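The values are calculated or read from the model by the stated rules, or taken from the named source; none is laboratory data. The structure presented is a predicted model; accordingly, all values stated were derived computationally and were not measured. So basically every Cβ, Gly included, is an ideal-geometry build from the backbone, and we count neighbours across all protein chains shown. The accessibility values were calculated without ligands, DNA or RNA, using every heavy atom of the protein model including side chains. Shrake-Rupley method; radii C 1.70, N 1.55, O 1.52, S 1.80 Å.
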Amino acid sequence: MTTSPTAAPNADLWPQTFVGVGVLLVGLLLAFGAIGISSEAGYGGVGPNFLPWVVSIALTICGAWIIWEARSGGFREMEASGDWPKPDWGGFVWVSAGLLLNAALITAIGFILSCTLCYLLAVQGLRRAAGQSMANSPRTWVMDVVTGLLISAPVYWAFTKFLAINLPGLTNTGWL
Amino acid sequence: MEIFNALMHGFALAITPVNLLWCLVGCALGTAVGVLPGIGPAVAVAMLLPITAKVEVTASMIFFAGIYYGAMYGGSTTSILLNTPGETASMVTAMEGNKMAKSGRAGAALATAAIGSFFAGTIATVIVTLFAPYVAEFAVKLGPPEYFMLMLLAFTTVSAVLGKSTLRGMTALFVGLAAGCVGLDQISGQGRYTGGIPEFLDGIEIVLVAVGLFAVAEVMYAVLYEGRVVDSQNKLSRVHMSARDWKRSIPAWLRGTAIGTPFGCIPAGGTEIPTFLSYATEKKLAKGADRAEFGNQGAIEGVAGPEAANNATVTAALIPLLTLGIPTSNTTAILLGAFQNYGIQPGPQLFTTSAALVWALIASLYIGNVMLLVLNLPMVGLWVKLLKIPKPQLYAGILIFATVGAYGMRQSAFDLFLLYGIGVLGVVMRRFDFPTAPVVVGMILGPLAEAQLRNAMSIGEGSAAVFFQRPMSITLIVIVLAVVILPRIAKAMSDRKLKAAGG
């Protein structure tokens, strides 16, 4: 590590620290879980709890080390954080809504409708993030719904009819 | 002769109309994913893993190999025509290829990339054919201590040697190992980290992790950070190489193949090192006017060499995968997952227990290379049209396929929530420059390495001395230490030299 720790102030100080804290917490959580795993080792001297302990200790150390790097000039061997554009949280919410609603609804309304909804919300979010002013026009909405259906329906048929993979439908016909 | 006969049997099996069709579909699909930004071969194979439940093993392995291969051909198209490489393996191609395209030589760059890929891929396949059976024969003699050390070597190279920061690589590796721990312990059958959630008893599906980290995270990353990035596309010119282009390309292909093949054979993973090495070699060997083209109008050697190295590495990576069961990249890790879905554990016995499958797979590599050459040279214009799909529609569409892969594996909506969580993890990793390959390799190889460790310790009757008493095992320990320590000494020495020169 040749970069001097006292160089430019770290613009990512807090985000990087949180990443380190996250890793550290995962390590501790895994250690907590490892306590409950049997150490019954048999002939080997190495039981089912050995790897969990190695992993949890290693992650705890990595987490602490990441925090240290973040607090002493930022992550090493990484481009300056000032170059990062501001994240577009609005678009992210649209995409997240699409994915989570899909997970919640897929068994209830079937693959085709649920995926169309996911596609619609995601494409709207991506359009907004790209600064497309047409995203809100009714024409675009209709077009996105139709495109979503045109992708998910053939995918559904291809996987259920040709490959015999079970995907949930709204009806039992295998077509919707 | 024995090998030749086995290969002929393989051809007989691979050339049935159904298998040829799977190979063609795989190659075409692979080229498409290679061309499309935001989706690579690892995730394409992962999304299609559910088909392993229904499709016969030979057909699906031929299909997956086609995707794996095709993506390497397709990736070069994107990196030459767009300013973003389609996948990491073609990052180096992008440097010179893009410059060639800007000065109106896109066609020549595409041609040298495709022919070079074919050339290197075929030579490397011959090497797989000739050497894999011997490696397998040798590997039968390895015991659990040696296997464990080989896996440790794979872990070390994938996390500490590749990528920029060892700390972040190691963190990613241990996250993968932790994910691999979830579920029933293979030896004692005890549940670990299930948190009372029945879905976790089965462990975390590799499909979920791969699709989450690569596809869902890619979409989230695009919406968060890349909304306003505008890609500029270079014009496609006639795909044709002049006599001078041939004269410059052929030696570059040969050197690229020679550099790439050994890198694929060792569990050191990744195409970054061989492609960069080949690029540096070509730049160093070029003279006069050719040398001046590097970084300016774009030198054809700088495309030909790395592309050949890339395909040679990717093909040769099948040797450690098939003979040792050790994956050295994301995609080979997922191919290993595909074998496991059929209850087949790649390793030295594969060549005896599943000889028909292995040889059909190898034969299909020869066939696939020819198909890809045809798909990529005369038909390149068709693939270029894929680049016209607007980003929002493309990324939103990827989510539909991600759903098929994640849900299709075990029909559980719980997995879709988990997929979202893994996607968020992937975005954080990408934002803070954590590599993802160690997660996937750690997760797949972790449980196998653990089993080998425990078997080895049983052989040693509970003593770790077993690792130091066997010559192969101790050799591997030395190699592991060398790959960790040597690059650091080299770096410290070059830093000191720089300092001395600077003042």
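The heavy atoms of residue A:146 offer some 70 square angstrom of accessible surface to a 1.4 angstrom probe.
Scanning residues 5 or more positions from residue A:169 or on other chains, those with amide H under 5 Å from its amide H are A:111, with H placed 1.01 Å from N in the peptide plane. Projected label points at residue A:77 and residue A:142, each 7 Å from Cα along the beta carbon direction, are separated by 5.5 nanometres.
Could you list which residues have their amide H under 5 Å from that of residue B:191, counting only those 5 or more apart in sequence or on another chain, with H placed in the peptide plane? Here the answer is B:185, since their amide H atoms fall under 5 Å of that of residue B:191.
Give, in nm to one decimal, the length gained when the segment between residue B:284 and residue B:54 is fully stretched (0.36 nm per residue of separation minus the Cα-Cα distance).
Values: separation 230, 0.36 × 230 = 82.80 nm, distance 5.12 nm.
Additional length available on full extension: 77.7 nm.
Each of B:121, B:108, B:28 was placed along the dipole of segment B:1-136 (beta-carbon charges, centred on the mean Cα), and the one lying farthest toward the positive end is B:108. Extension gain for residue B:488 to residue B:15 (0.36 nm times residue separation, less C-alpha to C-alpha distance): 165.4 nm. Here each label is just a point 7 Å from Cα along the line to Cβ, and for residue B:374 and residue A:134 those points are 3.9 nm apart. Converting phi to 3J(HN,Hα) with the Karplus coefficients 6.51, -1.76 and 1.60 and the offset θ = phi - 60°, segment A:65-78 yields 5, 4, 4, 4, 4, 4, 7, 10, x, x, 4, 7, 6, 9 Hz in sequence order, with x at every glycine or proline. In order along segment B:443-458, the Karplus-derived 3J(HN,Hα) couplings, from 6.51 cos²θ - 1.76 cosθ + 1.60 at θ = phi - 60°, round to 5, 6, 7, x, x, 5, 5, 5, 4, 5, 4, 5, 5, 4, 5, 5 Hz, and Gly and Pro are given as x.
Please work out whether segment B:332-419 counts as rounded, prolate or oblate from its C-alpha gyration tensor, where a ≥ b ≥ c are the square roots of the eigenvalues and a/c under 1.5 means rounded, while otherwise a/b larger than b/c means prolate and anything else oblate? Please list the in-between numbers first.
Details: a/c = 4.08, a/b = 1.14, b/c = 3.59.
Verdict is oblate for segment B:332-419.
Rounded to the nearest 500, what is the 222 nm mean residue ellipticity of chain A from helices alone, with -39500 (n - 2.57) per DSSP H run of 4+ residues and division by all residues? Show your work: numbers first, answer last.
Numbers: 4 runs with 106 residues, N = 176.
Helices in chain A give a 222 nm mean residue ellipticity of -21500 deg cm²/dmol.
With K and R counted +1 and D and E -1, the other residues having a Cβ less than 13 Å from that of residue B:187 yield a net charge of -1.
Would the protein assembly as shown count as rounded, prolate or oblate if I go by the C-alpha gyration tensor, calling it rounded below 1.5 in a/c and otherwise prolate when a/b exceeds b/c, oblate otherwise?
The shape class here is rounded.
Every pair of different Cα atoms in segment B:1-157 enters the Kirkwood calculation, which places the hydrodynamic radius at 17.8 Å.
Buried on complex formation within segment B:171-211 (loss of at least 20 square angstrom of accessible surface versus the isolated chain, 1.4 Å probe, ligands and nucleic acids ignored): B:171, B:174, B:177, B:178, B:181, B:190, B:192, B:193.
Averaged per residue, the protein assembly as shown has 41 square angstrom of accessible surface, using a 1.4 angstrom probe with ligands and nucleic acids left out. Using a probe radius of 1.4 angstrom, the carbon and sulfur fraction of the accessible surface of segment A:36-176 is 68%. Relative to the dominant Cα principal axis of chain A, helix A:138-157 is inclined by about 80°. Over all projection directions, the Cα-based convex hull of chain A averages an area of 17.3 nm².
Of the chymotrypsin sites (Phe, Trp or Tyr not before Pro) found in segment A:14-123, those in coil by DSSP whose Cβ has at most 14 other Cβ atoms within 10 Å are A:43.
Label separation (residue B:240 vs residue A:150): 3.6 nm, computed from points 7 Å beyond Cα along the C-beta direction.
By accessible area of protein heavy atoms, probe 1.4 Å, what ranking do A:77, B:218, B:137 get, highest first?
Working: A:77 80, B:218 40, B:137 120 Å².
Most to least solvent-accessible, the answer reads B:137, A:77, B:218.
Taking R0 as 25 Å, what's the FRET efficiency between residue B:2 and residue B:475 from their Cβ-Cβ distance, rounded to 0.05?
Between residue B:2 and residue B:475 the formula returns 0.30.
Compared with the alpha-carbon gap, the fully stretched path from residue B:164 to residue B:247 is longer by 26.3 nm at 0.36 nm per residue.
Assuming a ≥ b ≥ c are the square roots of the Cα gyration tensor eigenvalues, decide whether segment A:81-131 counts as rounded (a/c under 1.5), prolate (otherwise, with a/b larger than b/c) or oblate. Show your work: numbers first, answer last.
Working: a/c = 4.45, a/b = 2.58, b/c = 1.72.
In terms of gyration-tensor shape, prolate.
Taking the Cα centre of chain B as origin, sum charge times position over the Cβ atoms of Lys and Arg (+1) and Asp and Glu (-1), and report the length of that vector in debye to the nearest 20. If you can, show how the numbers build up before the last one.
Values: 32 positive and 25 negative charges, 347 e Å.
Result for chain B is approximately 1660 debye, rounded to the nearest 20.
Counting every Cα pair in chain B, what percent are over 37 Å apart? Value for chain B: 26 percent of Cα pairs lie more than 37 Å apart. Rounded to the nearest Hz, the phi-derived 3J(HN,Hα) couplings of segment B:246-258 under the Karplus curve 6.51 cos²θ - 1.76 cosθ + 1.60 (θ = phi - 60°) are 4, 4, 7, 6, 4, x, 5, 4, 4, 5, x, 5, 5, where x marks glycine and proline.
Axis angle, to the nearest 10 degrees, between helix B:413-431 and the longest C-alpha principal axis of chain B: 60 degrees.
Taking the Cα centre of segment A:19-176 as reference, the dipole from Cβ charges on Lys and Arg (+1) and Asp and Glu (-1) amounts to some 440 debye.
Can you pull the percent of chain B's accessible area that's carbon plus sulfur, 1.4 Å probe, other chains left in place?
Values: 12680 of 18500 Å².
Accessible surface attributable to carbon and sulfur in chain B totals 69 percent.
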